[in-house]
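The values are calculated or read from the model by the stated rules, or taken from the named source; none is laboratory data. Computed from a prediction, not measured in an experiment: that's the story for all the values here. Quick reminder, even Gly has a Cβ in these numbers, built from the backbone with ideal geometry, and neighbours come from all protein chains shown. Only protein heavy atoms, including side chains, enter the accessible area calculation; ligands, DNA and RNA are left aside. Shrake-Rupley method; radii C 1.70, N 1.55, O 1.52, S 1.80 Å.
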Amino acid sequence: MAPLLDKIEEMLLMGPGPSCVPEAIYAAIRRPTIGHLDPHFIAIMDAIKTQLRELIGTANQLTIPISGTGSAGMETCFVNLIEPGNRVLVLSNGVFGVRMQDVAGRLGASVEALEFEWGTPVSVDQVARRLAERKYDIVAVVHAETSTGVRNPIEDIGKLLSGSGTIYLVDAVTSLAGIPIDMDACGIDALYSGTQKCISCPPGLSPVSMSEKALAKLKHRELKVPNWYLDLSMIVGYWAGEKRSYHHTAPINMLYALHAALDLILAEGVSKVFERHGRSHEQLVAGLDKMGLKMLVERPYRLPMLNAVLVPEGVQEAVVRERLRTEFHIEIGAGLGPLAGKIWRVGLMGHTARQTNVDRFLDSLKKVLN
Ligand SMILES: *Cc1c(COP(=O)(O)O)cnc(C)c1O
């Protein structure tokens with residue numbers, strides 16, 4: 001094997017993603033590559049669509065994995081649904097809300113942000129007030145803000161938008177398969193996720209789902225979607241059309257991995273998977289509390305899969321991360337933007353969210369801090 005690959009050591013991935021990958025998924029990737037139009041591969045594609053609908057809580061026909069990481073899913077949702085001059089409201093309280101504004105702005109939308117302090121959730125009252133003042137073509141929000149560890153109230157925001165002409169767009173990159181999400185019940189029109197957070201696949205695919213309302217908007221566009229690769233009106237020809245016409249070559253082996261990962265999650269049972277995330281989170285917070293460490297986010301808004309831990313006074317946060325990595329083979333994340341140097345981000349995503357991993361992390365952190 002190429003020598004650099006021989007030198008890769010296994011890490012306990014407890015950062016903001018990627019998360020630990022189960023053996024069954026590596027085994028899936030190793031299956032022989034077949035053609036992207038092979039009938040057996042088409043059967044795998046169909047199975048993935050069914051699995052994703054179940055996990056996302058949707059009956060949407062257009063529910064497919066986009067080639068590319070979570071950001072490609074973000075780009076797919078905006079590029080297909082924005083027409084120049086559209087009014088877009090982004091509810092923003094972290095890095096990924098800021099990224100949404102950047103993506104939407106590049107597509108010629110008139111973008112407004114309703115901003116909330118990082119580490120606090122989106123306020124539904126403030127959203128209601130803004131929506132009473134102005135109408136928007138699209139309202140977008142991140143469900144699980146990975147940069148801060150905050151859970152945003154996507155159900156209540158969905159109620160505000162219900163029955164309106166506004167498209168409701170939700171980032172479920174970190175939330176999907178970690179906390180409950182019911183796309184149809186929330187009235188979400190466009191949703192994207194990623195594979196390397198709670199789905200525990202290597203990075204490379206982004207599940208996307210769109211409602212009939214979103215598809216109607218796509219169908220009635222005046223101008224072509226300004227990005228050939230992510231144009232859903234063409235991609236559906238391959239994923240769902242009668243003829244399965246070639247658009248771009250599917251990342252075959254990555255799709256094997258996603259199929260295997262979804263199979264593991266659905267076999268364990270989604271409610272069991274959510275409970276496992278909740279238990280690991282409680283175990284982590286209790287252990288940190290014993291060490292005198294505090295969390296950034298108030299209890300009701302905390303995400304189980306992304307824990308923002310305040311760095312104690314006088315501790316050099318980067319040194320701690322570096323020692324965890326080199327001495328204990330554990331990766332955690334740093335704070336971003338205004339939270340740089342102030343927090344550690346401890347991920348309990350997917351396969352990582354297990355008692356033994358939390359024990360190992362707490363033991364290691366204790367040794368480093370002493
Ligand atoms: C990780 C992440 C993304 C971006 O995904 P990539 O796979 O890094 O492109 C977008 N949104 C959220 C909330 C994320 O956590």
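Of the candidates 279, 302, the single residue that is outside the structural domain of residue 93 (by TED's automatic domain parsing), touching a helix residue (DSSP H, G or I) at 6+ places or on another chain (Cβ under 8 Å), within 16 Å of the ligand (Cβ to nearest atom) and of a type in the set (Lys, Arg) is 302.
If you go through region 153-168 one residue at a time, do you hit one that is in contact with a Lys or Arg (Cβ under 7 Å, 6 or more places away or on another chain), farther than 19 Å from residue 217 by Cα and modelled with pLDDT of 95 or more? No. Across region 86-110, what is the total count of residues that are crowded, with 23+ Cβ neighbours inside 10 Å and either at pLDDT below 95 or among the β-branched types (Val, Ile, Thr) (or both)? Result for region 86-110: 2.
For first residues located in region 59-76 and not assigned by TED's automatic domain parsing to the domain that holds residue 44, partners that are aliphatic (A, V, I, L, M) and away from the ligand (no atom under 11 Å from the Cβ) and lie 6+ apart or on another chain with Cβ distances below 8 Å do not occur. Among the residues of region 300-310, is there at least one that is surrounded by fewer than 22 Cβ atoms within 10 Å (Cβ to Cβ), at pLDDT 95 or above and assigned to a helix (DSSP H, G or I)? Yes, region 300-310 has at least one match.
Does residue 127 satisfy being open to solvent by less than 20 Å² (accessible area, probe 1.4 Å), within 19 Å of residue 188 (Cα to Cα), at pLDDT 95 or above and of a type outside the set (Gly, Ala, Ser)?
Details: open to solvent by less than 20 Å² (accessible area, probe 1.4 Å): yes; within 19 Å of residue 188 (Cα to Cα): yes; at pLDDT 95 or above: yes; of a type outside the set (Gly, Ala, Ser): yes.
Here the answer is yes, as residue 127 does meet what is asked.
Results for (1) part of a loop (DSSP other than H, G, I, E, B); (2) at negative phi; (3) open to solvent by less than 50 Å² (accessible area, probe 1.4 Å), shown as yes or no for each residue.
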position	(1), (2), (3)
253	no, yes, yes
260	no, yes, yes
273	no, yes, yes
287	no, yes, yes
293	yes, yes, yes
318	no, yes, no
322	no, yes, no
341	yes, no, yes
365	no, yes, yes
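Is it true that some residue in region 237-250 is crowded, with 18+ Cβ neighbours inside 10 Å, in the same structural domain as residue 155 (by TED's automatic domain parsing) and not aromatic (Phe, Trp, Tyr)? Within region 237-250, one or more residues are crowded, with 18+ Cβ neighbours inside 10 Å, in the same structural domain as residue 155 (by TED's automatic domain parsing) and not aromatic (Phe, Trp, Tyr). From the list 64, 82, the lone residue that is closer than 28 Å to residue 97 by Cβ, out of contact with any Lys or Arg (no Cβ under 7 Å at 6 or more places or on another chain), buried (at least 21 other Cβ atoms within 10 Å of the Cβ) and β-branched (Val, Ile, Thr) is 82.
Can you pull out every residue in region 313-334 that is in contact (Cβ under 8 Å) with a residue 40 or more places away in the chain and not β-branched (Val, Ile, Thr)?
Of the residues in region 313-334, the ones in contact (Cβ under 8 Å) with a residue 40 or more places away in the chain are 315, 320, 323-325, 327-333.
Across region 313-334, the qualifying residues are 323, 324, 325, 327, 328, 329, 331, 333.
Counting residues that are within 11 Å of the ligand (Cβ to nearest atom), which helices (runs of 4 or more DSSP H) fully inside region 94-181 reach at least 1? First the steps, then the outcome.
Details: elements: 95-106, 124-133, 154-161.
Passing ranges, in order: 95-106.
Would you confirm whether or not region 225-234 contains a residue that is surrounded by 15 or more Cβ atoms within 10 Å (Cβ to Cβ), touching a strand residue (DSSP E or B) at 6+ places or on another chain (Cβ under 6 Å) and part of a loop (DSSP other than H, G, I, E, B)? No, region 225-234 has no match at all. May I ask you to verify whether residue 40 is part of a loop (DSSP other than H, G, I, E, B) and more than 16 Å from the ligand (Cβ to nearest atom)? When the stated conditions are applied, residue 40 does not pass them. Taken together, 191, 205, 215 contain a single residue that is of a type in the set (A, V, I, L, M), within 12 Å of the ligand (Cβ to nearest atom) and under 23 Å from residue 83 (Cβ atoms), which is 191.
Quick one: is residue 252 farther than 15 Å from residue 198 by Cβ, in contact (Cβ under 8 Å) with a residue 40 or more places away in the chain and hydrophobic (A, V, I, L, M, F, W, C)? Lay out the reasoning, then the answer.
Working: farther than 15 Å from residue 198 by Cβ: yes; in contact (Cβ under 8 Å) with a residue 40 or more places away in the chain: yes; hydrophobic (A, V, I, L, M, F, W, C): yes.
Here the answer is yes, as residue 252 does meet what is asked.
When 171, 182 are checked against the criterion of being among the acidic types (Asp, Glu), crowded, with 24+ Cβ neighbours inside 10 Å, at negative phi and modelled with pLDDT of 95 or more, 171 stands alone in meeting it. Criterion applied to 120, 166 was being of a type in the set (S, T, N, Q) and open to solvent by less than 40 Å² (accessible area, probe 1.4 Å), and the one residue passing it is 166.
Looking at region 1-46, which of the residues that are among the acidic types (Asp, Glu) and over 22 Å from residue 262 (Cβ atoms) is least open to solvent (accessible area, probe 1.4 Å)? Explain how you work it out, then say what you get.
Restricting attention to region 1-46, the residues satisfying the condition of being among the acidic types (Asp, Glu) are 6, 9-10, 23, 38, 46.
In the following step, the residues that additionally are over 22 Å from residue 262 (Cβ atoms) were identified as 6, 9-10.
Details: 6: 99, 9: 115, 10: 154 Å².
Applying the filter and picking the extreme gives 6.
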